[in-house]
1. Test each condition in (1) assigned to a helix (DSSP H, G or I); (2) loosely packed, with under 13 Cβ neighbours inside 10 Å; (3) touching a residue at least 12 places away in the same chain (Cβ under 8 Å) for residue 130 and report the one that comes out false.
2. Is it the case that the range 40-54 has a residue that's in contact with a strand residue (DSSP E or B) (Cβ under 8 Å, 6 or more places away or on another chain), in a loop (DSSP other than H, G, I, E, B) and either assigned by TED's automatic domain parsing to the domain that holds residue 290 or at pLDDT below 90 (or both)?
3. Looking at (1) more than 30 Å from residue 62 (Cα to Cα); (2) in the same structural domain as residue 200 (by TED's automatic domain parsing), which is the only condition residue 149 fails?
4. Go through the range 173-202 and count every residue that is out of contact with any helix residue (DSSP H, G or I) (no Cβ under 7 Å at 6 or more places or on another chain) and closer than 18 Å to residue 54 by Cα.
5. Scan the range 309-329 residue by residue and report those that are in contact (Cβ under 8 Å) with a residue 24 or more places away in the chain and surrounded by fewer than 17 Cβ atoms within 10 Å (Cβ to Cβ).
6. Among (1) outside the structural domain of residue 74 (by TED's automatic domain parsing); (2) at pLDDT 95 or above; (3) under 28 Å from residue 75 (Cα atoms), which single condition is residue 249 missing?
7. Given the range 284-368, what strands (runs of 3 or more DSSP E) lie entirely inside it while holding 1 or more residues that are assigned by TED's automatic domain parsing to the domain that holds residue 50?
8. Go through (1) part of a helix (DSSP H, G or I); (2) surrounded by fewer than 17 Cβ atoms within 10 Å (Cβ to Cβ) one by one and return the number of the condition residue 170 breaks.
């Protein structure tokens, strides 16, 4: 009796194990999902990764050395073209400018006075010359004394000397006006270099100095990016980049918010391939720039190179290769058969094929590998 119970229990255990094997192992290895080609549209896309960059980053440098007196902007602030960003101490230049303006005013007054003096002297010269000419005629006829003649002559010569002296003084004053004007222009030009203005509308993305800090000539103070210049600098494997063209539509997703898809356009394809990574730089602009945006943010791009309509497509994961030929496993009665197919084109998810009436077996790594004449349920 004990032996019967013992063998009965053993037989029951075998039955349970066998049933479990049939349900969990045997059936899954022989039962496969069956699909048929899907009719519809397909976009062929090239994928790449990159980061938010810009066509032009405006580097705002100091043209002069000095101490920062004012800082009117900071990182993350939007500015307008021509807006005053910073002021550098110009030291004694304003005083020099004031002195040169006084010198200019003085020289102009001298020119005005000398011109009036010359007008008066010219009248005196005309009268003195008339008197001298009359006395010279009268001297020949003894109508005037030698002393009177000599006096009229000396008076005329003195006036002529005064005129010549005033003309020299006038030239000097005019030269002083020229020098003072050039000095004023030069100082005013120098003073403009002590004020830093925004070269474009945009966002300040970098500030390298602090208030009261000394800066050197040509030292970078700010970096500004115009939102119109912002794009994604992406890198595409050269093996899939042959169909890329300027103007192609692209989709952009940012790692910071992968659920939002931004539309973009290919703006530039660099003609050089990186020797190490074997990638090409492809720059893609946003149709509508996300605000706020963050420079160097990681991004993924999908560039549409072709569009197909009303075609037959199958998932990528059903494609298998046999003797280096592409094909699919199809259901032939209750058995599997390898069916060679022609791949017309593909994207990351689907492959366009030239056949439509197929019952395709979806391979599974959890099931027994398929081969011709494999029995399938």
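The values are calculated or read from the model by the stated rules, or taken from the named source; none is laboratory data. As the structure is a computational prediction, the values presented were derived from the model and not from experiment. Using ideal geometry, Cβ is built from the backbone for each residue, glycine included, and neighbour counts are taken over all protein chains shown.
1. Residue 130 satisfies every listed condition except (3).
2. Restricting attention to the range 40-54, the residues satisfying the condition of being in contact with a strand residue (DSSP E or B) (Cβ under 8 Å, 6 or more places away or on another chain) are 40-54.
Applying the additional criterion that residues be in a loop (DSSP other than H, G, I, E, B) yields none.
Checking the range 40-54: not a single residue is in contact with a strand residue (DSSP E or B) (Cβ under 8 Å, 6 or more places away or on another chain), in a loop (DSSP other than H, G, I, E, B) and either assigned by TED's automatic domain parsing to the domain that holds residue 290 or at pLDDT below 90 (or both).
3. (2)
4. Summing the residues that are out of contact with any helix residue (DSSP H, G or I) (no Cβ under 7 Å at 6 or more places or on another chain) and closer than 18 Å to residue 54 by Cα in the range 173-202 gives 4.
5. Residues satisfying the conditions are 309, 310, 315, 316, 317, 320.
6. That leaves (3) as the condition not met.
7. Per the criteria, 298-315.
8. Of the numbered conditions (1) part of a helix (DSSP H, G or I); (2) surrounded by fewer than 17 Cβ atoms within 10 Å (Cβ to Cβ), the odd one out for residue 170 is (2).
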